[in-house]
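Okay, structure first, notes after.
Throughout, read-outs are computed from the coordinates displayed, never taken from laboratory work. On a predicted model such as this, the values are computed, not experimentally measured, just so you know. We place every Cβ from the backbone using ideal geometry, glycine too, and count neighbours over all the protein chains shown.
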Amino acid sequence: NAGVMQNPRHLVRRRGQEARLRCSPMKGHSHVYWYRQLPEEGLKFMVYLQKENIIDESGMPKERFSAEFPKEGPSILRIQQVVRGDSAAYFCASSPRTVDEKLFFGSGTQLSVL
Amino acid sequence: AQTVTQSQPEMSVQEAETVTLSCTYDTSENNYYLFWYKQPPSRQMILVIRQEAYKQQNATENRFSVNFQKAAKSFSLKISDSQLGDTAMYFCAFGAENNAGNMLTFGGGTRLMVKP
């Protein structure tokens, strides 16, 4: 049973470009979470999705950021018109149910904006 | 809103000795979970130990144990018989049971160095 798969592992973008980060949850998991980790800081919650629905996006910036988890395929975190401050590690986690199930994390995507 | 504070940015310990990492949190929730995650240089987030707030007994996983003081809102991690492979960042995290999901609040981390 493969773990949470994130790709790419490293992504380099120039300012103004778009970044697309992909996450395939563990088999059987229908709950996906995105977290952002700035250098030398802890992870910060961004968005929580179930299949085809955004449940909570309270941690996601209102502009330039969007997330989806379609019926088929991976969850996508999309950042439009990237700026240097978007440089961070972006982690995806999945769980089979809510609340009392532990999260399984992917290895993250390191986004570097030049 | 919850906050999680790790007051020790860096710690070091000699191999085979014991080290304790501190964590305090603030919440108005009564039912919640607390976690310690390990993040080695590979960046993978690895769950070390988990504690339900309603349980009085401190959680233990092999060489890892916690001291959970609910009234003091303290949740420290003790690593016994430290090994070189324990070198990593350690994050304390909080999850409220009445959340609609597993949104965790993380502390800022403690960098642990195990010296040979």
Which percent of Cα pairs goes in each bin when the distances of the stretch A:33-81 are cut into 10 angstrom slices starting at zero?
-> 26, 52, 20, 2
Mind checking Rg over Rh on the stretch B:1-64, alpha carbons, Kirkwood formula for Rh?
-> 0.98
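Work out the mean other chain Cβ neighbour count within 10 Å for the residues of B:84-94 and drop it here as an integer.
If you average over the peptide's residues, the count of other-chain Cβ atoms is 1.
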What is the average number of partner chain Cβ atoms found within 10 Å of a Cβ in A:42-48?
-> 6
Using a 10 Å cut-off on Cβ to Cβ distances, tally the other chain neighbours for every residue of A:105-111 and report the average as a whole number.
-> 3
Specify the inter-centroid distance of the stretch A:9-32 and the stretch B:68-85, based on alpha-carbon positions, in whole Å.
-> 33
Return the subset of B:55/B:115; B:38/B:70; A:71/A:102; A:62/B:78; A:44/B:73; B:70/B:115 for which the Cα-Cα distance in this structure is over 30 Å, preserving the input order.
-> B:55/B:115; A:62/B:78; B:70/B:115
Based on the Cβ-Cβ distance of residue A:80 and residue B:42, what FRET efficiency does E = 1/(1 + (r/R0)^6) give at R0 = 30 Å, to the nearest 0.05?
-> 0.50
Where in the stretch B:13-83 are there chymotrypsin sites (Phe, Trp or Tyr not before Pro) that are in a DSSP coil and have at most 13 other Cβ atoms within 10 angstrom of their Cβ?
-> B:54
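Restricting attention to the stretch A:1-96, which trypsin sites (Lys or Arg not before Pro) occupy a DSSP loop and are surrounded by at most 15 other Cβ atoms within 10 Å?
Qualifying residues, ordered by number: A:9, A:14, A:15, A:27, A:51, A:62, A:64, A:71.
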Among B:90, A:74, B:56, the residue whose Cα sits farthest towards the positive end of the charge dipole of the protein assembly as shown, when +1 is placed on the Cβ of each Lys and Arg and -1 on the Cβ of each Asp and Glu, is A:74
Residues with beta-carbon under 15 Å from that of residue A:37, excluding residue A:37: net charge, scoring Lys, Arg +1 and Asp, Glu -1?
-> +3
